[in-house]
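The values are calculated or read from the model by the stated rules, or taken from the named source; none is laboratory data. What you see is a predicted model; the values in this text were computed from it and never measured. Cβ coordinates were reconstructed from backbone atoms using ideal geometry, including for glycine residues, and neighbour counts include every protein chain displayed. SASA here: full protein model, heavy atoms, side chains in, ligands and nucleic acids out. Shrake-Rupley method; radii C 1.70, N 1.55, O 1.52, S 1.80 Å.
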Amino acid sequence: IDLEVVMRYFQQNFFIEKLARRDPSVIWRYPYDRPHNYLLTAIEPYLDLYRATGVTKYLDAVRGAWDLFHDYWEMPGGEMSINEGNFLYEPKSYWLHKEAGELCGNAFWIKINQRFHNLYPDEEKYMTEIEKSIFNVCIANQYGSYGYRYFARLDGQKDREHDAGYGFAENTCCEGQGTRIIGSLPEYMYSFAPDGLYINLYGASQVTMPLGRDTLRLDVKTAFPYSPDVTMTVAASTRARLHLRIPSWATAPVTVRINGDVAAQGRPGSYVSLNRQWQRGDLIEMTLPMGFRLTPYIGKEPGFGPGHYAVEYGPLLMAAVAVKGKQGHVRVHADVQTLVSRLRPIPGSPLHFAIQGDSQYELWPYFEVQKEPFSCFAEYVD
C-alpha cells in the first residue's frame, strides 16, 4: 500500500520524464527548492520502485540521473560540483571557490553507484565511481583523527579541522556521512554472488563467505595505491567463481597468474572471471598498471582558463603542492606537453613526485594534503 501511495502522489512524473530525457535543467533548476546534491537521495528510491514493480520508467529515470550528474556535475577525481549554496550550479560550471565538493554529495553518489553495481555487477564503471569518491573526497576530507571537512576544496588550502567551510566550527551532516562511508568500506570492497565473490576494490583484507556447503576464504595482501601489486591467497578449498575487477584507469591489459601460471588477461574496464576448484594455498597475483592523465579545466571559475589542468594517477586525484610554503595562485614551470616526462618519484615518499625544472612544487595525492598550499588545477607553463 505504501508503494501505491508513493506512486500515486509523490513520484513526480515530470521529474521522472526529464531525468530519462537527460534534461540537465531538471537538476540545476529544480523547482521546489534549489540545486543540491541531496537530489540523489530523492532519485535513489526510484530503484526501489523499479525492483518492486518491474516498471522500466523508474530505471530509465535513475539511469538518466546518473548520466546527468556524471556528465555535467562531476569533476576530475570524482567530486560532485553541486551544492546548496545561494547561487546556481549551472551544467559544467565546476566552481572551485563556491562551496562545491560537499562530502555528502559523494556519499550519496557512492550509494547510488553501489545500487547499480548490485543490479549490474559486471559493469565496472560503477566501482570506478565509488573508488574515486572514497580516495578523493571521503578520505581527502578527513582531518586526521579529529573529524571531517565539509567541502573538498580543490584550490588554495583545505579547511581547518571541525570547520564547516564557513569560518567557524560546528557539527555537520558531512561528519555523519563521512563516518557512514568509512564504516561501510567492506561493502564496496567485496560483493557476493550465488556462485562466488566479486573483488571490487583492492586493499589488505580478509573475506569469508558461505558458499553452499562450503566456505570461501580469501586473504588479500597489497599496499595499493602505494604499490600496484596484489596477491590473493585462497584459505579454504572450495569450488567458486572469483570476479576480479580490472579498473578502467589501468594503462594496459592486466595479466592474472594462479600459482605462477598465466590464467587470464583482463582488459581495463572489465571483470576477469576465474571459475575453478580452488585448493587451500592457491595464490593469485596481478599488477595494476597506473599512469598519469591530464584534463584541462573547462569550468567558470575566474582566472582558471587555458593552461590549467587536473592531474590524475590511476584512481587518484593529484595536487600540485607548494612544498616551500608559497601562497597564492599555483603556477608550475613545466609545459603540460612535457609534464609527465619531468616527473620523478621521490625516494621514501611513495606517490610523491618532484617536477624537474620547478623545485617550488611537488605532485602529491590530494588525499594526503592537509595544511599545505596547493591546487588540483594548477597552471602549467614552460
Multiply the residue gap between ASP67 and THR231 by 0.36 nm, knock off their C-alpha separation, and tell me the result in nm, one decimal place. 55.6 nm
Expressed as a percent, the portion of alpha-carbon pairs in the stretch 166-284 spaced more than 23 Å apart is 36 percent
Mean-square fluctuation maximum in Gaussian network of the chain, Cα pairs under 10 Å, restricted to PHE108, PHE87, PHE367, hits PHE87
Of all accessible surface on the stretch 41-131 at a 1.4 Å probe, what whole percent is carbon and sulfur? 47 percent
With the alpha-carbon atoms as the only input, what is the per residue convex hull volume for the stretch 248-310 in Å³? 115 Å³
Debye log10 I(q)/I(0) for the stretch 224-382, one point scatterer per Cα, at q = 0.15, 0.20 Å⁻¹: -0.83, -1.18
What figure in square angstrom, to the nearest 10, would you give for the accessible area of HIS70 with a 1.4 Å probe? 60 Å²
Return the distance in nm (one decimal) between the two label points of a simple spin-label model at VAL6 and ARG21, each offset 7 Å from Cα along Cα→Cβ. 2.5 nm
Compactness of the stretch 43-105 - radius of gyration and Dmax, Cα, Å: 14.0, 43
What's log10 of I(q)/I(0) for the stretch 76-121 at q = 0.23, 0.26 Å⁻¹, Debye sum over Cα points only, no solvent? -0.81, -0.93
Taking max minus min of the Cα coordinates of the chain on each principal axis, largest first, gives extents in Å of 62, 61, 37
Skip the ligands, DNA and RNA, and give the accessible area per residue of the chain with a 1.4 Å probe, whole Å². 43 Å²
In whole Hz, what ³J(HN,Hα) sequence does the stretch 244-259 give by Karplus (6.51, -1.76, 1.60; θ = phi - 60°), x for Gly and Pro? 9, 6, 10, x, 5, 7, 4, 8, 7, x, 10, 8, 9, 10, 10, 6
